[in-house]
Each structure stands twice: as structure tokens, then as C-alpha cells.
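The values are calculated or read from the model by the stated rules, or taken from the named source; none is laboratory data. Predicted model only: the values in this text are computed from it and were never measured. For neighbour counting, all protein chains shown are included, and Cβ atoms are generated from backbone atoms with ideal geometry for every residue, glycine included. All accessible areas refer to the heavy atoms of the entire protein, side chains included, with ligands and DNA or RNA removed. Shrake-Rupley method; radii C 1.70, N 1.55, O 1.52, S 1.80 Å.
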Amino acid sequence: LPALFKRELQNTEAEEGGTVTLRCELTKPKAPVEWRKGDITLYPGLKYEMRQQGCAAELVICDLELDDS
């Protein structure tokens with residue numbers, strides 16, 4: 001069975017230049033997660049950090065810009 005969201009992402013407000021962490025909870029532990037912005041797949045690097053532990057997945061976005069909304 002596919003993994004589903006137990007708790008979906010919530011809208012978050014943050015300051016330009018700051019950092020924000022987006023979190024979701026899945027029905028299956030360690031299910032593969034692909035973070036996307038529209039049609040673009042996001043990858044770890046200076047801008048993005050992805051974490052996953054058990055059923056929880058997080059995306060950390062650093063140095064926020066208006067385009068990150």
C-alpha cells in the first residue's frame with residue numbers, strides 16, 4: 001500500500017533571509033519522500049535540508065527569498 005499523509009504540511013510564515021522548517025507525518029515509517037515546488041524536485045544543498053525519522057519528514061529551507069513562497 002502507498003504511504004499517505006497522517007498530518008499534512010501546514011502554511012507557515014517566516015521572514016525573508018530566515019529559515020523555515022516544513023513537517024509532515026506519513027502512515028509508513030521511512031517511506032520515500034520527494035520534496036517538490038511545483039514541477040521542480042528539490043535536492044539537499046546549501047538552500048534545502050531534508051530530514052526523515054520514522055513517519056516524520058521535514059524540509060528545512062534556508063536564506064528565505066520571496067520566490068520560496
- request: Hey, could you check region 4-18 for residues that are among the small types (Gly, Ala, Ser) and within 16 Å of the chain's Cα centre (by Cα) and say which is surrounded by the most Cβ atoms within 10 Å (Cβ to Cβ)?
  value: Ala14
- prompt: Among the residues of region 45-54, is there at least one that is under 21 Å from Glu13 (Cβ atoms), in contact with a strand residue (DSSP E or B) (Cβ under 8 Å, 6 or more places away or on another chain), touching a residue at least 24 places away in the same chain (Cβ under 8 Å) and of a type outside the set (S, T, N, Q)?
  reply: no
- request: Give region 55-69 a look and list any residue that's loosely packed, with under 14 Cβ neighbours inside 10 Å and touching a residue at least 40 places away in the same chain (Cβ under 8 Å), or say none.
  value: Asp63, Glu65, Leu66
field: Selection count where residues are open to solvent by 80 Å² or more (accessible area, probe 1.4 Å) and at positive phi, scope region 19-52
entry: 1
Output for region 1-57, where each listed residue is more than 17 Å from Asp67 (Cα to Cα) and β-branched (Val, Ile, Thr): Thr27, Val33
